[in-house]
Amino acid sequence: MSKTAKPDPIRSIVIAVDGTAASGKGTLAKKLAAHFGFAHLDSGALYRLTALSVLEKNGDPSNEADALKGAQTIDFNRAGDPAIRTDIVGKAASQVAAIPAVRDALLDFQQNFLAHPPGGSPGAVMDGRDIGTVICPSAAAKLYVDARLDIRARRRWTELKAMGIRRAEQDVVAELEARDAADKSRPVSPLKQAADADLLDTSDLGIDAAFAAALALVSPKVDGALKDRHRG
Ligand code: DC
């Protein structure tokens, strides 16, 4: 049996933020964590670090042995390294993420983070693709963040430009579309909205408006969970 099928033993208050690439989920997750005083983990960084490790060893991100070795040799100190934010690493991250052995190798780290949020915080916010569906189905609050493809591509294009990477916008559109299709169609832990997740479409929202909308959806659930904790 794959480890990804094991029940999650998480008792802390978890906000799961899943969604498509460049939907704004990372920014929202960070702001939610700051608002509630919760720990935050960008799970995509784990797949990106795995991909970086494979590429730096001249490995093949779609090869199971290479990808698993990458997951086992992640350098967490590089989570803030701009090198993991390039589109080449993003594409390779999507490839390693489709390999069940890689997902299994990263599962414990993610569930431990949620069960024991760093800094003794009562809760954690994690963003990714399968947080509400696989990593923590019992999360107190779940958001599924999405936006129209053209809007997401413009955001990613602007991000890349700020990093000094100039790309034709239509290439960014095509890459995002391909990556979402791969993430949604893979057999293991595909990207999908959990049945109990709230959908937040950020297409026509700036950061402040998107955060206000996220907070309106999440706050009653988090407040309820905090009250239950104090009672229990
Ligand atoms: O969110 P991101 O663009 O940094 O994610 C990079 C890739 O990692 C994405 O294409 C899919 C994969 N990923 C995943 O499969 N599961 C997660 N929980 C997070 C990311």
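Bear in mind these aren't lab numbers, they're just calculated from the coordinates by the rules spelled out. On a predicted model such as this, the values are computed, not experimentally measured, just so you know. Neighbour counts run over all protein chains shown; Cβ positions are idealised from the backbone, glycine included.
In the neighborhood of Asp146, defined by Cβ-to-Cβ distances under 10 Å, what is the net charge if each Lys or Arg adds +1 and each Asp or Glu adds -1? Can you show the working numbers first?
Numbers: positive: Lys25, Arg148, Arg152; negative: Asp18, Asp180, Asp201.
Here the charged neighbours net out to 0.
Excluding residues fewer than 8 places away in the same chain, name every one of the aspartates and glutamates whose C-alpha is closer than 13 Å to that of Lys221.
Those aspartates and glutamates meeting the cut-off are Asp196, Asp198.
Please check: in the Gaussian network model of the chain (C-alpha springs, under 10 Å), which one of Asp196, Asp66, Asp18 has the largest mean-square fluctuation.
Between Asp196, Asp66, Asp18, it is Asp196 that shows the largest mean-square fluctuation.
May I ask for the distance between the Cα centers of region 14-77 and region 169-223, given as a whole number of Å?
The distance from the Cα centre of region 14-77 to that of region 169-223 comes to 16 Å.
Taking only Cα atoms and a 10 Å spring cutoff, compute GNM fluctuations for the chain and point out the largest among Gln110, Gln193, Gln72.
The residue with the greatest mean-square fluctuation here is Gln72.
Checking understanding here: applying a Kyte-Doolittle mean of at least 0.5 and a length along the axis of at least 18 Å (C-alpha), which whole DSSP H helices in the chain pass?
Details: long enough: 43-56 (20 Å, 0.79); 100-115 (22 Å, 0.19); 149-162 (20 Å, -1.06); 169-185 (24 Å, -0.84); 207-231 (34 Å, 0.26).
Length and hydropathy pass: 43-56.
Restricting to lysine pairs 8 or more places apart or on different chains, what number in region 56-185 have Cα atoms under 21 Å apart? Intermediate values should be presented prior to the final figure.
On the way: Lys57/Lys69; Lys57/Lys91; Lys69/Lys91; Lys91/Lys161; Lys91/Lys184; Lys142/Lys184.
Qualifying lysine pairs in region 56-185: 6.
Give a quick list of trypsin sites (Lys or Arg not before Pro) in region 1-96 that DSSP marks as loop, anything other than H, G, I, E or B, with at most 15 other Cβ atoms within 10 Å. Walk me through the numbers before you get to the answer.
Working: sites: Lys3, Arg11, Lys25, Lys30, Lys31, Arg48, Lys57, Lys69, Arg78, Arg85, Lys91; in loops: Arg11, Lys57.
Answer in residue order: Arg11, Lys57.
Which whole-number percentage describes the relative contact order of the chain, with Cα contacts under 8 Å and a sequence gap of 6 or more?
Values: 375 pairs, mean separation 73.2, N = 232.
Relative contact order for the chain comes out at 32 percent.
What number, rounded to the nearest 500 deg cm²/dmol, is the helix-based mean residue ellipticity at 222 nm of the chain, given -39500 (n - 2.57) per DSSP H run of at least four residues and division by all its residues? Numbers along the way, then the final one.
Values: 8 runs with 118 residues, N = 232.
Using -39500 (n - 2.57) per qualifying helix, the result is -16500 deg cm²/dmol.
Over all distinct Cα pairs, what is the inverse of the mean 1/r for region 128-232, reported as the Kirkwood hydrodynamic radius in Å? Each step should come with its number before you reach the end.
Details: mean 1/r = 0.0632 Å⁻¹.
After inverting the mean inverse Cα-Cα distance, the result is 15.8 Å.
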